[in-house]
Structure formats: structure tokens, C-alpha cells
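The values are calculated or read from the model by the stated rules, or taken from the named source; none is laboratory data. These numbers were taken from a predicted model, which means no experiment stands behind them. Ideal geometry is used to build each Cβ from the backbone, glycine not excepted, and the neighbour counts take in all protein chains shown. Remember, those area values only see protein heavy atoms, side chains included, never the ligands or the DNA or RNA. Shrake-Rupley method; radii C 1.70, N 1.55, O 1.52, S 1.80 Å.
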Amino acid sequence: MEQRHLGRTGLRVSRIGLGTLTWGRDIGEEAAAEQVKTFWEAGGTLVDTADVYGGGEAEHLLGRLVGGLVPRRDLVIATKAGSVPDPDRRFDGSRGHLLDALDASLDRLGTDYVDLWQVHAFDPATPLEETLQALDLAVSSGRARYAGVSNYCGWQLAKAATWQLAAPGVRTRIASTQMEYSLLQRGVEREVLPAALDLGIGLLPSSPLGRGVLTGKYRDGVPADSRGASDSMAAFVDPYLDEAAGRIVDAVVTAARGLAVTPLEVALAWIRDRPGVVAPIVGARTSAQLGAALSVEALSLPEEICRALDDVSAPVHRYPDQDWSTL
């Protein structure tokens, strides 16, 4: 699998990442092991997790597989901290919480360091410079090699990255931002992506298949064995089952038929090759599903297909994103 630099850093990662959101909840150790083996054998390196996935069990599972099944040196392990199970405070970006969470993640993962440590979300109750200092301490202590953020809007990302760049050699550069991005969710193109491109930050798209909807499996209803039919994930899928999403899915299916590939491959190839994108993070229920996603490595969409998909899924961005003189 092709490797790409993560933003303006020396870290290289596979251009498809393996997500672990459902590990420890819907996916057990045997299925996780099959996925890791399939991913590694295909040349994949970037495995993304978080301290809250499966209540910490996703990190436990990954930690049990690293070393025995796959050499630690062959993986780029990325995890996150900052989300908390508190109904009154969803995110805690305080220095104390973040560093404690990192130590707990390292213990569950059974490793001395993570390759990429990400703040899971912006915490408005904590000064941003305090949150960023936790990243500096993590990297300077060797517990993390690189640092990133997740779910930061445009101004939050630009402020964080600029603050870190103000003292090179002292503060840790923001290497990446992880955001939901797909043909069904192009909101990052408004401000986040321009900021990332300008500041040399790599974009790691989550839910690159539109929460599974872009595979086309929901066109004729909700399959009984799908996420959309499960109690825990139905609300996650439902926003992308409307008429507007249906038109985009139809276009993806039409393109797939013309290219003699699957809708999954078309949707994933489109997002993988968008400007600023480093590696879409793909989650799968089985190793067979993951293998189907990894088959996209051989596919590059023709320019006319890309333009057609761009047009049918284009979000409306006018003032102030568009030059005011053209309005």
C-alpha cells in the first residue's frame, strides 16, 4: 500500500487507516485479530483507536495483538484522549486529564509510546494553550511521537496550529486533524480543509463511507444485519438516509457500474485522493469487509467521474468563503 507523509512531518502512514470504533463492543478479539492481519498483510500501517472506544477495550484488544500477531515496529498506532463519560461535560482538555489518559492508554496498549496522540475534541472550558501544553509534554517525554487534534472547527484548528508554530523547537507541531469527511459530509471543505492545507496539517477522514451508506446497501431499506438496524448505531446512520443522500448514493452506484467496481471502492477512492487527505479511517465488521475496502488500492477514478461526483455532492458555500466580488 502506498505510504503518505502525515502533514508537514517525517511520519509516513498507509493511505488507508484501520479504525477500531466498534472493537470491544461489537467486535471481539478473534475478529479484531483477523482484521489486523488482513490490514498488515495488505501493507497497512495506521491503526486508529481512542481511550473511550469500547470503554477502553479497543485499546486492550489492540495491545494484545501487537507484538504477537504483528510487530510493533510495523504499525503506526494512533489514539485519542479528551472524551469523558460525563453528561455535564463531554470533553475534558485539561492538562491533568489528558496526561493521565495517555498513561492509561499506554498501559492498555502495552507499549511505551504511541506514534500519534490526538485530542479527541475541543474543550471550551479549558484554555487552549493548556490543552496544547499536554501535547508538548507527551512528545517531549517520549510517550507520543507526534500530536494531532480531532473534531476541531476551522478557527479552533487554525488557532491551535498557529500557537504551536509560534515557538518552533519548543512546541509540538500539529501533524493531523481527524474529521468526518465523505461524499455525504463535505462540511470540512468550508474552513477546516483550507486551514489544514495552509498550515501543513494532514487530514484523516473518519466515516469516509458516509457511515456505511455510500456502499449502497441501504438503497432498498435497512438490512437486518447492518449498523442501521442495531440499537447502538441506528441513530448514527439515520441522518444519511434522506432524499439528498439518496441522490448522491445513486450517482456512486452509477459510477461503480460504469467502472465495473463496487460503490464502496468508488466512494473510498474519491475521498482518499481529495486534496489534503492523508488516510481515510475505515472501520469494518469482518476481515472480508475490510479486504473489500483495501482493494481500492488499485483504483484511481477518472477525472470525469470525480467531477460528476463533486457536482452531485457539492455543498453550498457562499459568503464569506467565496470571493465576495463574484456574488
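Scanning region 134-177 for residues that are in contact (Cβ under 8 Å) with a residue 60 or more places away in the chain and open to solvent by 30 Å² or more (accessible area, probe 1.4 Å) yields Arg145, Tyr146, Arg173. Across region 187-230, the number of residues qualifying as hydroxyl-bearing (Ser, Thr, Tyr), more than 15 Å from the chain's Cα centre (by Cα) and closer than 25 Å to Ala251 by Cα comes to 3. One residue alone among Leu199, Leu203, Leu209, Leu214 is of a type outside the set (S, T, N, Q), surrounded by fewer than 20 Cβ atoms within 10 Å (Cβ to Cβ) and in contact with a strand residue (DSSP E or B) (Cβ under 8 Å, 6 or more places away or on another chain), and that residue is Leu199. Taking the conditions exactly as written (touching a residue at least 24 places away in the same chain (Cβ under 8 Å) and either of a type in the set (A, V, I, L, M, F, W, C) or surrounded by fewer than 22 Cβ atoms within 10 Å (Cβ to Cβ) (or both)), does Ala235 satisfy them or not? In short, no.
Within region 73-88, being in a loop (DSSP other than H, G, I, E, B), more than 13 Å from Ala121 (Cβ to Cβ) and at pLDDT 95 or above holds for one residue alone: Leu75. Among the residues making up region 156-181, a single one is of a type in the set (A, V, I, L, M, F, W, C) and touching an Asp or Glu at 6+ places or on another chain (Cβ under 7 Å): Trp163.
Every condition in (1) buried (at least 21 other Cβ atoms within 10 Å of the Cβ); (2) free of Cβ contacts under 8 Å to residues at least 40 places away in the same chain; (3) in a helix (DSSP H, G or I) is met by Glu30 except one, and the failing one is (1).
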